[in-house]
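Let me begin by presenting the structure, written as structure tokens, before commenting on it.
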Amino acid sequence: MNLDLLLQSEIQKAVTAVFNQTVENLQLQATNAEFEGTHTLVCFPLTKLSRKGPEETARMVGEYLLANSGVISKYNVVKGFLNLSLHDSIWVEALHAIASDPNYGQIPYNGQEIMIEYSSPNTNKPLHLGHLRNNFLGYSVSEIYKANGYNVHKVQIINDRGIHICKSMAAWKLFGNGETPQSSGTKGDHLVGKYYVIFDKTYKAQTSELIAQGLTEDEAGKQAPIMVLASEMLRKWEQKDTETVELWKMMNSWVYEGFDATYKRMGVDFEKLYFESDTYLLGKELVMQGLEKGIFFKKEDGSVWVDLTSDGLDQKVLLRADGTSVYMTQDIGTAILRFTDFPKISGQVYTVGNEQEYHFKVLFLILNKLGYEWAKRCFHLSYGMVDLPTGKMKSREGTVVDADDLMQEMHDEAEKQTRELGKLEGVSETDAQALFEMIGLGALKFFLLKVDPKKRMLFDPNESIQLQGFTGPFIQYTHARIKAIVRKAESLGIHVNPQDLRAVTTLEPAERDALYLISSFENKIREAAKDYSPAIIANYAFELAKAYNQFYQSIPIFSEENTSKLKFRVALSYTVARIIKRSMKLLGIEVPERM
RNA sequence: GGUCUCGUAGCUCAAUUGGAUAGAGCAACUGCCUUCUAAGCAGUAGGUUGCUGGUUCGAUUCCAGCCGGGAUCACCA
């Protein structure tokens, strides 16, 4: 039962009856806490058909509902707002329906498939804080789409070739002395990242020396020996030189081993990985075809371009004069390959930072020009950068927050605070460690997901390890506390079956508040998908936990003498726990049975 | 400079897409553990929503112009 739909139809009936007119879009919203009621009809828009003042209009609708609808128990009018109270039996019925539905929070399969790309790192350095936002966001949006009835394919493109990895390779060749993850005990992605940093330092030293010798900045940049080596490696790689390819394979394999560990700890996964080294040539052919069809044009030097001036954009290069492909070319190829690999997908979502908005605007326009009708169903899930209190993260200045380090710090902080609270009696060390991990990562994920993805956000380390207030652990704690109630009910031999609930006829305000939120869960799931926003789920889960805590604090359960009410409250608690768990699952966050 | 984007309490974020007296958390202050887990609850204080106009019953939201951040406009990815 969907309360909103029920109310909509009741109100539509009322409007038809009272004003002899039909209305399609009703503005129904939650009632402000200061007024009585749960649902509010905004009546200003109705004054056009009622041809009466807003208050009079509201009163007439309210009066009709009270007299003719079995749903409304009371109403009041404040200005043009009609505040409605529902019969408690409606709320009881709502809980009954939800408690009887094991799939509440999972909207039935809608027959649609969708692809969601996220993560997509370069393979020359380890993952950092920015990747965490990307991964948690992409994973969560995937879960949200699954909950909306979509068949979701999670993929990523790994940028495994190019000058960036050659830089690490060059530095390792010069300074590595054969160092491996095994020989040094360093995680593979960190080891490769270390040589990327060494490259950068060496490169800077060499260029400034060359500049001191009288070269221009441009010349020095190109002639620095280590850069010459890296460029040579890139060339050799493209010519499939055995030694270079072997080195490339070895170092990439180190990175993948490291990434796998990081992804595992983050709790994210992928159905299929695309590698740039496999796909970078694909786009070329398609561009050549486009050239033949006259969609693109060639300049005198042989480079191929697309003209987007009629779309308000510039000209964009697609193939260099030497015939090699650029980033855009690869993305064209990859996009088309994906629709070939997954012919049933209706669209594609690219989880990529907002600094690439222009790029995707261009990409989608090109795909459209090439005649792919699905181009308009490609969506750039553009999210804002993560700033630090010290400003922007800059890898060159060593201000990046490493993903592995951060996850460990969150774990350690969760451990510290949990031990201080002395909550680990009778808990084994293994279970305790699992709990710290759950809390630490829960805090981190929630912190990054509670903000609207579109917005740039600030990552304050001190705030992120908070476990009180608007945080993941607050919600996890609420869940754990409810589970204690459920266990107690079981130990007392109290078993609730949905039929028992109907024996309850009156409710407390705190119970209604919780029920209001419970019954709006699926609307939130839809809204979150429509907006690609886990923040909507995060805010919802927090609201629900808060509402439950108010109930928990003000209304006794086991000392209640009325057995029906007692059972009702146990069922309400259990349902809240279920929905909290489900909501958090949509964010990729686990919840504990006790903490 | 062109295009895009953001500006809300001391700080970090919300605001049902144009609705009520703009809400939470943190930080500060005051209460509540003999009762189901106090990682909790209740309360106090904190605002000219960057500024100026406009659109209308009604604007944080839409429009215009300023002010101030950020992104982007590479034969980089």
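The values are calculated or read from the model by the stated rules, or taken from the named source; none is laboratory data. Only a predicted model underlies this, so the values are computations on that prediction, with no experimental measurement involved. Cβ placement follows ideal geometry from the backbone for every residue including glycine, while neighbour counts extend to all protein chains displayed. When the accessible area is computed, the model is the full protein with side chains, heavy atoms only, and any ligands, DNA or RNA have been set aside. Shrake-Rupley method; radii C 1.70, N 1.55, O 1.52, S 1.80 Å.
Below is a table of values for the structure above.
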| read-out | value |
| --- | --- |
| Pick from the stretch A:159-206, criterion away from RNA strand B (no atom under 16 Å from the Cβ), within 34 Å of the chain's Cα centre (by Cα) and of a type in the set (Lys, Arg), ranking: farthest from A:Gln239 (Cα to Cα) | A:Lys187 |
| Residue count, the stretch A:523-551 (criterion: within 8 Å of RNA strand B (Cβ to nearest atom) and within 17 Å of A:Leu137 (Cβ to Cβ)) | 7 |
| Residue list for the stretch A:477-529, filter: farther than 18 Å from A:Lys581 by Cα and among the acidic types (Asp, Glu) | A:Glu490, A:Asp500, A:Glu508, A:Glu511, A:Asp513, A:Glu527 |
| Residue among A:Gly384, A:Gly391, A:Gly347, A:Gly371 that is closer than 30 Å to A:Leu137 by Cα, of a type in the set (Gly, Ala, Ser) and without any contact (Cβ under 8 Å) to a residue 24 or more places away in the chain | A:Gly391 |
| Selection within the stretch A:552-570 - outside any helix (DSSP H, G or I) and within 9 Å of RNA strand B (Cβ to nearest atom) | A:Ile555, A:Pro556, A:Ile557, A:Phe558, A:Ser559, A:Glu560 |
| Top-ranked residue of the stretch A:525-570 - restricted to ones that are over 14 Å from the mean Cα position of the chain (by Cα) and among the β-branched types (Val, Ile, Thr), ranked as most open to solvent (accessible area, probe 1.4 Å) | A:Thr563 |
| Restricting the stretch A:571-593 to residues that are within 12 Å of RNA strand B (Cβ to nearest atom) and within 19 Å of A:Tyr104 (Cα to Cα), the residue that is surrounded by the most Cβ atoms within 10 Å (Cβ to Cβ) | A:Leu572 |
| All positions within the stretch A:90-110 that are touching a residue at least 12 places away in the same chain (Cβ under 8 Å) and either closer than 30 Å to A:Asn151 by Cβ or over 37 Å from the mean Cα position of the chain (by Cα) (or both) | A:Ala94, A:Ala97, A:Ile98, A:Ala99, A:Ser100, A:Tyr104, A:Gly105, A:Gln106, A:Ile107, A:Pro108, A:Tyr109, A:Asn110 |
| Candidates A:Thr418, A:Thr399, filtered to the one that is assigned to a loop (DSSP other than H, G, I, E, B) and among the hydroxyl-bearing types (Ser, Thr, Tyr) | A:Thr399 |
| Condition check for A:Gln239: open to solvent by 30 Å² or more (accessible area, probe 1.4 Å) and closer than 25 Å to A:Phe342 by Cβ | no |
| Unmet criterion (only one of (1) more than 26 Å from A:Lys454 (Cα to Cα); (2) surrounded by fewer than 18 Cβ atoms within 10 Å (Cβ to Cβ)) for A:Ile107 | (1) |
| Residue satisfying all of: in the stretch A:475-522; of a type in the set (Ser, Thr, Tyr) and within 14 Å of RNA strand B (Cβ to nearest atom); surrounded by the most Cβ atoms within 10 Å (Cβ to Cβ) among these | A:Thr478 |
| Single condition A:Leu363 does not satisfy, out of (1) in contact (Cβ under 8 Å) with a residue 12 or more places away in the chain; (2) more than 12 Å from RNA strand B (Cβ to nearest atom); (3) assigned to a helix (DSSP H, G or I); (4) not basic (Lys, Arg) | (2) |
| Strands (runs of 3 or more DSSP E) contained in the stretch A:27-123 and holding at least 2 residues among the polar types (S, T, N, Q) and touching a strand residue (DSSP E or B) at 6+ places or on another chain (Cβ under 6 Å) | A:72-78, A:81-86 |
| Count - residues of the stretch A:34-54 that are within 30 Å of A:Ala514 (Cα to Cα), more than 9 Å from RNA strand B (Cβ to nearest atom) and open to solvent by 40 Å² or more (accessible area, probe 1.4 Å) | 1 |
| A:Gly472 being more than 9 Å from RNA strand B (Cβ to nearest atom), on the phi > 0 side of the Ramachandran plot and small (Gly, Ala, Ser) | no |
| Boolean, A:Leu337 is farther than 19 Å from A:Glu117 by Cβ and more than 8 Å from RNA strand B (Cβ to nearest atom) | no |
| Residue check, A:Gly469 part of a helix (DSSP H, G or I), among the small types (Gly, Ala, Ser) and either farther than 15 Å from A:Met595 by Cα or touching a residue at least 12 places away in the same chain (Cβ under 8 Å) (or both) | no |
| Yes/no for A:Val352 being touching a His at 6+ places or on another chain (Cβ under 8 Å) and part of a loop (DSSP other than H, G, I, E, B) | no |
| Any hit, the stretch A:8-24, residues being within 30 Å of A:Asn103 (Cβ to Cβ), without any contact (Cβ under 8 Å) to a residue 24 or more places away in the chain, near RNA strand B (Cβ under 9 Å from one of its atoms) and open to solvent by 40 Å² or more (accessible area, probe 1.4 Å) | no |
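Residues checked against (1) more than 9 Å from RNA strand B (Cβ to nearest atom); (2) aliphatic (A, V, I, L, M); (3) open to solvent by less than 50 Å² (accessible area, probe 1.4 Å); (4) not in a loop (DSSP other than H, G, I, E, B):
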{"residue": "A:Asp412", "(1), (2), (3), (4)": "yes, no, no, yes"}
{"residue": "A:Thr430", "(1), (2), (3), (4)": "yes, no, no, yes"}
{"residue": "A:Leu441", "(1), (2), (3), (4)": "yes, yes, yes, yes"}
{"residue": "A:Leu448", "(1), (2), (3), (4)": "yes, yes, yes, yes"}
{"residue": "A:Lys455", "(1), (2), (3), (4)": "no, no, no, no"}
